[in-house]
Amino acid sequence: MGLFDAIDIAGSGLTAERLRMDVTAENLANAQTTRGANGGPYQRKEVVLEQAGGSAFGTMLTGAIGGVRAADSPNGVQVAAIVEDGSQQRLVYDPAHPDANDQGYVAMPNVNPVTEMVDLISSSRSYEANVTSMQSAKQMFTKTLELLR
């Protein structure tokens, strides 16, 4: 493991969790949107994460130093895709709504604000954990440099 791998890994986690928070905020903002770009109600989105390949900075630094990066070394996380949740929209009886069908039902987005808030709290806590990890790595590097003086 290289000197900056911990920072690279925490940085990839920060990027992934920030995107999760952005997608969750979009879901919450569109929780009542009955007309999306496709003409139907808004579809809830989810972020799919996967283990990252190699971190570019760590790989370049290791190569510049002359070391060889192990193939099984930790590499962090990356966003694989942002997918639409395929669950069914809920029907709400509101015959006065402009998007109501012939029976008076409106197709509402499949966004549950409670679920979105739980996801938001989860991604926020993960973001905080990655910040703490990055700060700890920085403190270790600082102490190491102090010892080498």
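Within the range 100-117, residues that are more than 16 Å from Q88 (Cα to Cα) sit with their Cβ atoms under 8 Å from residues that are assigned to a loop (DSSP other than H, G, I, E, B), at 6+ positions apart or across chains, in these pairs: A100/D94; G104/D94; G104/P95; E116/A31.
Taking T115 as the residue in question, decide whether it is within 19 Å of the chain's Cα centre (by Cα) and more than 22 Å from S12 (Cα to Cα). Steps first, answer last, please.
Numbers: within 19 Å of the chain's Cα centre (by Cα): yes; more than 22 Å from S12 (Cα to Cα): yes.
The answer is yes for T115.
Here the range 24-51 is the region considered, the condition is being buried (at least 20 other Cβ atoms within 10 Å of the Cβ) and under 17 Å from the mean Cα position of the chain (by Cα), and the residue that is farthest from V106 (Cα to Cα) is T24.
Matching residues to (1) at pLDDT below 90; (2) polar (S, T, N, Q):
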residue: I7; (1), (2): yes, no
residue: G40; (1), (2): yes, no
residue: L61; (1), (2): yes, no
residue: N75; (1), (2): yes, yes
residue: Q78; (1), (2): no, yes
residue: V83; (1), (2): no, no
residue: Q88; (1), (2): yes, yes
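Residues of the range 81-98 that are loosely packed, with under 12 Cβ neighbours inside 10 Å and in a loop (DSSP other than H, G, I, E, B): G86, S87, Q88, P95, A96, P98. Scan the range 9-43 for residues that are of a type in the set (A, V, I, L, M) and part of a helix (DSSP H, G or I) and jot them down. Hits for the range 9-43 are I9, A10, L14, A16, L19, M21, V23, A25, L28, A29.
Filtering the range 112-133 for residues that are surrounded by 14 or more Cβ atoms within 10 Å (Cβ to Cβ) and assigned to a loop (DSSP other than H, G, I, E, B) leaves a non-empty set.
The values are calculated or read from the model by the stated rules, or taken from the named source; none is laboratory data. Here the structure is a predicted model, which means the values were calculated and not measured. Virtual Cβ from ideal backbone geometry, glycine too; neighbours counted across all protein chains shown.
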